[in-house]
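The values are calculated or read from the model by the stated rules, or taken from the named source; none is laboratory data. Note that the structure is a prediction, hence the values are computed from the model and not measured. Cβ placement follows ideal geometry from the backbone for every residue including glycine, while neighbour counts extend to all protein chains displayed. Accessible surface areas use protein heavy atoms only, side chains included; no ligands, DNA or RNA. Shrake-Rupley method; radii C 1.70, N 1.55, O 1.52, S 1.80 Å.
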Amino acid sequence: RIQILFEKMSTPTAAQIAAMKAAEITAKLIAKGSTIKNEVLLPKAEPTTKKNKVNTVSENPSAEIMINDLPTRGLVLKSTTQEQISQMTGAIIVTKGRYQRPQDKYNPHMMGEKPLYIHITAKDAGVVRKAVHFVLTALNVSSIPSGSKYSGNIDPVLLKCCERDFKDSTVPFNEKVYVGRPNVLLPPDIKQRILGPNSSYLSHIVQQTNAKIIIRGQGSGHIELESGQELFEPMFIQINHRTLEGLVEAKQLVDSLLDTVFTLCSSI
C-alpha cells in the first residue's frame, strides 16, 4: 500500500505537466534571447543621442501700428491699400486685433484681446521701416500712434526714424527705380533713351499720373543742391506723388518704359 501511495504521489498531474512544458519552452526562449518573460510594455524613450529639434529660425523684423482709436484708419484698412503698400515695399501687411470702443475695455468678453492694429513684417528691417512710413502717410499722422511697437532684429530707433521720415518728406509717397540690370552694361546714352525724343517718354508718364519724376545718380547729370555734384550711387529714377495710387501707377509705367528701352538696346 505504501508503495502504491508513493507511486501515485510521484506521478505528475496534468497541471504539473503543463507547467513543466511551459518552463521548458521558456528556458529555450531565454537561451535564444527572444523571451518576453516579465517584460512590461512601456513607451519607447527617444535615444539620448537625438536631441529634440530646436527652432533656430530667427524672428523676422516686424512692427505693430495701433490704429484702433484713429479716425483716419479707414484707408489703411482697405485690402487694396495694403496690397499697394506691400507691392511697393515687399513687406507683408495684415490687419489684426479687434475693434474696441472705449466702453469695451471693461467688457469681460473682450479681456485679453488686442485692439485693432496693422501688423507689418519682412525679412529686412529697412523694408519694414519703409512700409511703416507708407502706413503713417495713409493714416495722415505725424507721429507713431500710442501702443505701437516693433519686434525682431529691428534697430530700437526704427519707429522714431519713421516719424522723422514722415516729417521730412515734402511729397508723402516716393520710390526709387534703379536703371541698371544685372550683368548688363549701360550704354552711354541710356539717359537719353529713357527720356525719349524731346523728353517725350517721361513727360507722357508725368502728364498721365501727375507724378514728379527725376533721373538721379551717377551719369544722370543731375546736380544735388547739398553736395553740388551727382549722387554717388547707381543711376535711378526718383518718383514722387501725393497719393499712393498715383505712385503705383507711375512706377508701373516707369518699369514698362525701362523694359522697352533695354529690349531695344539688346536688339541693336
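For this structure, a couple of remarks:
- Close pairs from the stretch 100-122: first under 15 Å from S146 (Cα atoms), partner of a type in the set (D, E), Cβ under 6 Å, at least 6 apart: Y117/E64; H119/E64
- Qualifying residue in the stretch 197-207 (condition: open to solvent by 60 Å² or more (accessible area, probe 1.4 Å), modelled with pLDDT under 90 and either part of a loop (DSSP other than H, G, I, E, B) or within 21 Å of A125 (Cα to Cα) (or both)): no
- Among the residues listed as G228, G221, the single one being of a type outside the set (V, I, T), at positive phi, in contact (Cβ under 8 Å) with a residue 12 or more places away in the chain and not in a helix (DSSP H, G or I): G221
- The stretch 135-164 residues that are within 19 Å of K123 (Cβ to Cβ) and β-branched (V, I, T), paired with ones that are open to solvent by less than 20 Å² (accessible area, probe 1.4 Å) and at pLDDT 80 or above (beta carbon under 6 Å, 6 or more apart): V135/I65; V135/V76; V135/I118; I154/P61
- Residues that are charged (D, E, K, R), outside any helix (DSSP H, G or I) and under 19 Å from L202 (Cα atoms) within the stretch 231-268 comprise just one, R242.
- V171 being open to solvent by less than 70 Å² (accessible area, probe 1.4 Å) and at pLDDT 90 or above: no
- For the stretch 77-88, the criterion of being part of a helix (DSSP H, G or I), more than 23 Å from the chain's Cα centre (by Cα) and of a type outside the set (F, W, Y) is met by no residue.
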